[in-house]
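Structure record follows, encoded as structure tokens.
The values are calculated or read from the model by the stated rules, or taken from the named source; none is laboratory data. Note that the structure is predicted; figures quoted are calculated from it, not measured. Quick reminder, even Gly has a Cβ in these numbers, built from the backbone with ideal geometry, and neighbours come from all protein chains shown. For the accessible areas, the whole protein counts, side chains as well, though only heavy atoms, and no ligand, DNA or RNA atoms are used. Shrake-Rupley method; radii C 1.70, N 1.55, O 1.52, S 1.80 Å.
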Amino acid sequence: MRTFDDSDGQRWQAAVLDASYGVILLVFSPLHGDGIRRSQLQVVNLAEGQDWIAMADEEALREQLGAADPWDPSADPF
């Protein structure tokens, strides 16, 4: 899990999630407020996703956040 600031200064946490059928998601949660977001991470498996998030700089995280879609995990688990 990583914590970073978006371009507006809002704090976010990003985490890698192993979804179904080999899909690896990057899930973003704001530290204050609502608005969970997700994007598919283009990696082969969870271990590669964890390596990606560990090595990603904040700009890469902001780019992924910008491409992420709103997500309600209670309505759509993956």
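Can Arg38 be described as open to solvent by 80 Å² or more (accessible area, probe 1.4 Å) and in contact with a Leu (Cβ under 6 Å, 6 or more places away or on another chain)? In short, no.
Restricting the range 42-57 to residues that are under 15 Å from Arg2 (Cα atoms) and of a type outside the set (Phe, Trp, Tyr) leaves a set whose member that is surrounded by the most Cβ atoms within 10 Å (Cβ to Cβ) is Gly49.
When residues in the range 14-32 are screened for being open to solvent by 60 Å² or more (accessible area, probe 1.4 Å) and either free of Cβ contacts under 8 Å to residues at least 24 places away in the same chain or not in a strand (DSSP E or B) (or both), 3 of them pass.
Number of residues in the range 58-78 that are assigned to a loop (DSSP other than H, G, I, E, B) and open to solvent by less than 90 Å² (accessible area, probe 1.4 Å): the value is 7. Annotation note: Cβ proximity below 7 Å between a residue of the range 40-69 that is under 24 Å from Gly9 (Cβ atoms) and a residue that is crowded, with 17+ Cβ neighbours inside 10 Å and hydroxyl-bearing (Ser, Thr, Tyr) (sequence gap 6+ or interchain) occurs for Gln64/Ser39; Ala67/Ser39; Ala68/Ser39; Asp69/Ser39.
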